[in-house]
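Any read-out appearing in this document is the output of simple, stated calculations on the displayed coordinates, not a laboratory observation. These numbers come from a predicted model, not from an experiment. Note that each Cβ is placed from the backbone with ideal geometry, even for glycine, and that neighbours are counted across all protein chains shown.
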Amino acid sequence: MALEVRVCEPGGFGDAAADALLEAASGVRAPVVGLATGNTPLALYDALARRVQQGEAAVSAWRPFAIDEYGGARGHPCSNRSYFARHWDSIPGARPVLQFEPQAADPAAEAARFRAALAAAGGLDVVLLGIGRNGHFAFNEPGSARDSVTRLADLAPETRAAASACWGELTPRSGYTLGLGEILAARRVVLLADGHAKAAIVARALAGPIGPECPASFLREHPAAVVVLDVAAAAGLRSGSAQAGGIAVPGDFPPADGGGHP
Ligand code: GLP
């Protein structure tokens, strides 16, 4: 099975995610690693920082690329640039993340610059992804083509609603994103999801129809993808739907809370 699903207890999520990412990057001398932001990977970045501090892991050879950036003010506290300054740059030895310039005068030229930089690095060896509640990867919203490339994309209403918790009335309408084509060309993919709020979309991505209406569903066509879930995010995969999707899910995690969450 090309797609491996790992399920852990919530307290083990950061370490399980770090294990998956370090495994994915191992064996490549200077891996090009696409990095996600958002709430989901926070525990991963903490676990990575701890392991590096303790001498158990190293990321100093990694060549990190942002996978997306909001189209708001450069350096706004809610921007991905600020997020990486807080959660990536604090990891000992971590190289600066190659990032989008959200206020570039010519968005097409900015997307082309970023795309060329990634291509010059040899493309992604590894990509770390979260998932939006509508099934997006980075800012590849539903409807994005399987072969889409780096671009400035419009944000879906549900993505803007989630972002407004931080951005408030300054919530951007667009964001730069690697395309699905570039993300799915990564040699290895690590997708993270935690919490009940992601259970429905995780089930849809892993067991529903594969297609652009749920961009994350394309992961099932990838040759080397690992999905790390906590028990809450895995709750929708227990009903046999996972079998329908052809995905092997570990069966030794506790039953759902029975509360009928979507
Ligand atoms: C944003 C980002 C994605 C991220 C997603 C989920 O829309 N563009 O890269 O994966 O949100 O965020 P969270 O982890 O906070 O749920």
Legend entry - Farthest toward positive dipole pole in the stretch 46-123 [+1 Lys/Arg, -1 Asp/Glu at C-beta], among Ala111, Leu48, Ala58: Ala58
Inset, instruction - Might you list the cysteines of the chain that have no disulfide-compatible partner by the rule of another cysteine's Cβ under 4.7 Å? - result: Cys8, Cys214
Inset, instruction - Report the label-to-label distance for Ala85 and Ala30 in nanometres (one decimal), using points 7 Å from each Cα along the Cα→Cβ vector. - result: 2.7 nm
Inset, instruction - Just order 103-111, 194-202, 228-236 by mean Cβ neighbour count inside 10 Å, highest at the front, would you? - result: 228-236, 194-202, 103-111
Inset, instruction - Count the net charge of all other residues whose Cβ sits under 15 Å from the Cβ of Ala216, scoring Lys and Arg as +1 and Asp and Glu as -1. - result: -1
Legend entry - Of the GluC sites (Glu not before Pro) in the stretch 1-90, those whose Cβ has at most 14 other Cβ within 10 Å and which sit in DSSP loop: Glu56
Legend entry - Asn39-Glu213 pseudo-label distance in nm [points 7 Å out on the Cα-to-Cβ vector]: 2.7 nm
Legend entry - Segment Glu158-Ala58, length gained on full extension (0.36 nm per residue, minus Cα span): 32.4 nm
Legend entry - Check: the chain dipole with +1 on Lys, Arg Cβ and -1 on Asp, Glu Cβ, in debye: 380 debye
Legend entry - Nearest-0.05 FRET efficiency for Ala105 and Arg50, computed from C-beta distance (R0 30 Å): 0.15
Legend entry - For the stretch 202-241 versus the stretch 103-149, the gap between their alpha-carbon centres in whole angstrom: 20 Å
Inset, instruction - Among DSSP beta bridges whose residues both lie in the chain, state the antiparallel percentage, nearest 5. - result: 30 percent
Inset, instruction - Report the relative contact order of the chain, percent, no decimals, based on alpha-carbon pairs under 8 angstrom and at least 6 residues apart. - result: 26 percent
Legend entry - Estimated [θ] at 222 nm from DSSP helical runs (n ≥ 4, -39500 (n - 2.57)) normalised by residues in the chain, nearest 500: -8500 deg cm²/dmol
Legend entry - Karplus-derived HN-Hα couplings along the stretch 5-11 (A = 6.51, B = -1.76, C = 1.60, θ = phi - 60°), whole Hz, x at Gly and Pro: 10, 10, 10, 9, 6, x, x
